[in-house]
1. Could you give the spread of the C-alpha atoms of the chain along their three principal axes, from largest to smallest, in whole angstroms?
2. Under a no-solvent Debye model with one identical scatterer per Cα of segment 14-110, what's log10 I(q)/I(0) at q = 0.12, 0.19, 0.23 Å⁻¹?
3. So how far, in whole Å, is the C-alpha centre of segment 1-37 from the one of segment 250-285?
4. How much of the accessible area of the chain, probe 1.4 Å, is carbon plus sulfur, in whole percent?
5. Amide H neighbours of residue 130 under 5 Å, at least 5 residues apart or on other chains, H built in the peptide plane: list them.
6. Cβ under 13 Å from residue 273's Cβ, residue 273 left aside: what net charge do those residues give with Lys, Arg +1 and Asp, Glu -1?
7. Can you give the alpha-carbon Rg of segment 345-400 over 2.2 N^0.38 Å, where N counts its residues?
8. From Cα pairs below 8 angstrom and at least 6 apart in sequence, can you work out the relative contact order of the chain, rounded to a whole percent?
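The values are calculated or read from the model by the stated rules, or taken from the named source; none is laboratory data. From a predicted model like this one, the values you see are computed outputs, not experimental measurements. Here the Cβ positions follow ideal geometry from the backbone for every residue, glycine too, while neighbour counts run over all protein chains shown. Remember, those area values only see protein heavy atoms, side chains included, never the ligands or the DNA or RNA. Shrake-Rupley method; radii C 1.70, N 1.55, O 1.52, S 1.80 Å.
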Amino acid sequence: MSSIRFFHCADLHLDSPFKGMSDLPSHAFKRLRNSTFDAFQQLINDAIQERPDFILIVGDLYDGEERSLRAQQIFQKGMEQLALYNIPVIISYGNHDHLSGKWTRFSLPSNVQAMPAETKTITLHIRGMNVNITGFSYRERHIPQAMVQSYPAATDREAIHIGMLHGSIRGDATHDVYAPFTIEDLLSKQYDYWALGHIHKRQILYENPMIVYPGNIQSRHRKELGVKGFYDIELSKGQATYNFRPASAVVFEEIEVDCEKILHANDLLKVCAEAIDGFRKEYGAGLVWLHLKNIDERARTLFEDAQLAEWVDIMREEQENETPFVWIQAIAVDLSSISHYKPTFASESVLQAINEWSDDEMKEILKELYQHPKAGRYLDELTTEDLKNLRFDAEHLFKLGFQ
Ligand SMILES: [Mn+2]
């Protein structure tokens with residue numbers, strides 16, 4: 001049986017403002033500010049070159065519910081480029097660009113079809129095969145219902161069935177406002193492919209049939225590290241192959257710098273500069289967090305006498321004229337290799353208590369911050385991984401206190 005080929009992307013977040021990053025030099029900030037558009041253009045260019053049968057965009061095309069004019073204009077142009085090559089595009093809107101927002105309307109070319117708020121199946125005819133694509137758009141920002149229940153089970157055994165779903169796996173109640181689903185829910189529909197969106201980390205939740213989050217196409221903050229992009233999928237009944245295509249224009253990454261045997265400031269600057277050059281050669285423009293590890297006991301004074309902020313300034317200045325830009329967002333110094341911690345009965349019982357904090361207890365403590373009317377909106381949902389990291393940091397800080 002012949003196969004079909006499509007691009008699966010999600011979470012374009014066009015025109016993300018990159019708040020809190022405006023201390024970059026203006027040329028670099030401009031490039032960062034344009035990165036969601038550049039990543040989108042990469043997707044369009046790849047499509048023109050590769051000519052997939054169609055493209056799926058699974059929610060959060062726009063970063064804001066007001067869908068900025070600029071974002072819409074650029075999206076419109078991209079869709080028109082695809083129209084010239086007769087590439088159909090199926091889109092669904094997510095929690096960021098839900099249908100209750102207010103925006104100035106552009107009319108999209110006829111190769112683009114958008115899912116309505118009610119679950120709908122759109123059928124494409126590709127080389128004599130029917131491809132049934134089912135999905136919906138967010139009517140409002142929060143969709144607590146398990147929308148997957150409104151998807152029809154596959155009955156036509158000759159056709160290919162694809163589900164588009166912007167949402168999250170059913171977890172604890174506070175996160176269940178984004179069309180929650182379970183893997184079993186999805187499998188029960190007997191579809192050939194599940195094109196997910198919403199979670200910005202690329203991941204394959206299931207192999208046969210494939211259940212896939214492609215992640216976003218451009219990192220937007222510290223928690224979204226690495227090269228971003230989308231999937232190029234070849235699918236026939238019972239078989240799928242996938243190929244990741246990078247799209248991100250500015251790569252966000254943590255760089256570990258091994259500081260073993262470093263004793264002097266100039267040596268430290270040299271290893272950091274080498275690490276950044278290596279990054280630049282591999283990824284091009286970037287935003288990086290330097291993580292200094294394996295610090296020698298004798299090098300400890302490097303961080304006592306010079307403030308970390310001063311180190312950052314010096315390193316930024318060194319990088320100033322290099323292109324493409326790599327901006328050092330922050331430096332973290334891991335002093336665990338020279339910790340003087342010696343376990344005692346009292347200290348171990350504190351560490352044990354930290355370890356036993358439950359997720360709910362931690363959320364209760366952090367509630368004031370997360371529910372703060374001003375601060376809260378800049379914070380993302382706390383994941384289990386975040387809580388794990390917080391516990392880890394707490395232990396680490398506690399041990400460092402023993403000098
Ligand atoms: Mn999103």
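1. 72, 50, 43
2. -0.42, -0.97, -1.25
3. Between the Cα centre of segment 1-37 and that of segment 250-285, the gap is 25 Å.
4. On the way: 10010 of 20140 Å².
The value for the chain is 50 percent carbon and sulfur by accessible area.
5. 160
6. Numbers: positive: 270, 280, 281, 316; negative: 267, 274, 277, 317, 318, 320, 322.
Around residue 273, the charge tally is -3.
7. Numbers: Rg = 12.9 Å, N = 56, 2.2 N^0.38 = 10.2 Å.
Expressed relative to 2.2 N^0.38 Å, the Cα Rg reads 1.27.
8. On the way: 781 pairs, mean separation 51.2, N = 403.
Over the chain, the number comes to 13 percent.
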